[in-house]
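Quick one: the structure is below, and I'll ask about it shortly.
The values are calculated or read from the model by the stated rules, or taken from the named source; none is laboratory data. A quick note: this is a predicted structure, and the numbers were derived from the prediction, not measured. Cβ placement follows ideal geometry from the backbone for every residue including glycine, while neighbour counts extend to all protein chains displayed.
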Amino acid sequence: MPRKAQRVHSVAPWESEVGYCRAIRRGDHIWVTGTAPVAPDGSVFAPGDPYRQTVRCLEIISQALAALGASTADVVRTRMFCTDIRQWREIGRAHGEVFRDQPPATTLVEVRSLIDPAMLIEIEAEAYLG
């Protein structure tokens, strides 16, 4: 019999409109959806600051993982989408602060835009607990 999925949600206003959740766990696998730098009130966090926005994305990811019984130490893959690849050092610095001791496979690519023009970064993560 298939295992039931566990889901967590966040304050992102698009979740209910688009029909997705922040993260989902099925068995030993967790997938965290594209996570943008959203402040607790639903606004964009730290407009214009790629480092602080990346830190915020990783905080939201960490909270979602914790709600599903995991931590950033369980992350095996991240994908980062930024709107200006020239900001890779600030983005990478924030990512490295979280993952330096247990680095996941990762990708950083430039995209034309994100859902809000003030957003500079969006991050997906996958974790494995096995």
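Would you mind finding the one in Thr33, Thr107, Thr78, Thr83 that is under 16 Å from Glu126 (Cβ atoms), buried (at least 16 other Cβ atoms within 10 Å of the Cβ), modelled with pLDDT of 95 or more and out of contact with any Pro (no Cβ under 8 Å at 6 or more places or on another chain)?
Thr33
Enumerate the pairs (first residue in the stretch 1-16 and surrounded by fewer than 12 Cβ atoms within 10 Å (Cβ to Cβ); second residue anywhere and small (Gly, Ala, Ser) and at pLDDT 90 or above) with beta-carbon separation below 7 Å, excluding pairs fewer than 6 apart on the same chain, so at least 6 apart or on different chains.
Correct list of pairs: Arg3/Gly27.
Please enumerate the residues belonging to the stretch 46-88 that are of a type in the set (Gly, Ala, Ser) and part of a helix (DSSP H, G or I). Show your work before the answer.
Residues of the stretch 46-88 that are of a type in the set (Gly, Ala, Ser), as a first pass: 46, 48, 62, 64, 66-67, 69-71, 73.
Result: Ser62, Ala64, Ala66, Ala67, Ala73.
When both residues are 6+ apart or on different chains and their Cβ atoms are under 6 Å apart, which pairs have a first residue that lies in the stretch 82-93 and is free of Cβ contacts under 8 Å to residues at least 60 places away in the same chain and within 19 Å of Glu59 (Cα to Cα), and a second that is of a type in the set (Val, Ile, Thr) and part of a helix (DSSP H, G or I)?
These pairs meet every condition: Cys82/Ile91; Ile91/Thr54.
Another question about this same structure. Which pairs do you get when a residue that is touching a residue at least 60 places away in the same chain (Cβ under 8 Å) and crowded, with 23+ Cβ neighbours inside 10 Å, found in the stretch 36-60, comes within reach of a residue that is part of a loop (DSSP other than H, G, I, E, B) and aromatic (Phe, Trp, Tyr), reach meaning Cβ atoms under 7 angstrom, with the pair 6+ apart or on two chains?
Short answer, once both residue conditions are applied: Pro37/Phe45; Gln53/Phe45.
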